[in-house]
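Below you'll find the structure, written out as structure tokens, and then a few comments.
The values are calculated or read from the model by the stated rules, or taken from the named source; none is laboratory data. Quick caveat: nothing in here was measured; it's all calculated off a predicted structure. Here the Cβ positions follow ideal geometry from the backbone for every residue, glycine too, while neighbour counts run over all protein chains shown. Each accessible area value is taken on the protein alone, full model and side chains, heavy atoms only, with ligands, DNA and RNA left out. Shrake-Rupley method; radii C 1.70, N 1.55, O 1.52, S 1.80 Å.
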Amino acid sequence: MRRERGSAVVDFVLVMVLLVPLVLGIVQLGLVLHVRNTLTAAASDGARAGAPLGATPEDAEVRARRMITDSLSDRFARSVSATRTSVDGAPAVVVRVRARVPALGVLGPGVPLDVRGRALVQVEP
């Protein structure tokens, strides 16, 4: 029994060396997925804001920026663009959001995200 004294500390350290990076990696993956899903929702909602009669792509861009700023941070709303285009011959608004999410906590190299939201534009009958 005396020979095993202190072995719990060694076991704890060996387990933590494996467990801590695993848990931190899962948390970071959750952060990246949360940011991506939030940016996608903001781009889609922005596109819907630019789709009604009389709305412009600028309205779509403003709405997407406001949603991103309110839910995440201003730094994720730096590269938002909205354009009119056509989807299968129908007029549409496309909102594109580009951002970088830090891959290692709040520092380190970023993971580039490029998401788009589309909505068909209402036309007068």
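Tabulated data for the structure shown
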{"quantity": "Filter result (open to solvent by 60 Å² or more (accessible area, probe 1.4 Å) and either part of a helix (DSSP H, G or I) or touching a strand residue (DSSP E or B) at 6+ places or on another chain (Cβ under 6 Å) (or both)) within the stretch 63-83", "calculated": "63, 65, 66, 70, 71, 74, 75, 83"}
{"quantity": "Residue ID - surrounded by the most Cβ atoms within 10 Å (Cβ to Cβ), chosen from residues in the stretch 100-125 that are modelled with pLDDT under 95 and within 14 Å of residue 68 (Cα to Cα)", "calculated": "101"}
{"quantity": "Any hit, the stretch 69-78, residues being under 18 Å from residue 48 (Cβ atoms), more than 17 Å from the chain's Cα centre (by Cα) and not charged (D, E, K, R)", "calculated": "no"}
{"quantity": "Qualifying positions in the stretch 49-94 - of a type in the set (D, E, K, R) and either in contact with a Pro (Cβ under 7 Å, 6 or more places away or on another chain) or in contact (Cβ under 8 Å) with a residue 40 or more places away in the chain (or both)", "calculated": "84"}
{"quantity": "Check on residue 116, charged (D, E, K, R), in a strand (DSSP E or B) and in contact with a Ser or Thr (Cβ under 6 Å, 6 or more places away or on another chain)", "calculated": "no"}
{"quantity": "Lone qualifier among 46, 30 - being within 21 Å of the chain's Cα centre (by Cα), without any contact (Cβ under 8 Å) to a residue 40 or more places away in the chain and open to solvent by less than 50 Å² (accessible area, probe 1.4 Å)", "calculated": "30"}
{"quantity": "Residue count for the stretch 84-113, restricted to those that are of a type in the set (A, V, I, L, M) and in a loop (DSSP other than H, G, I, E, B)", "calculated": "1"}
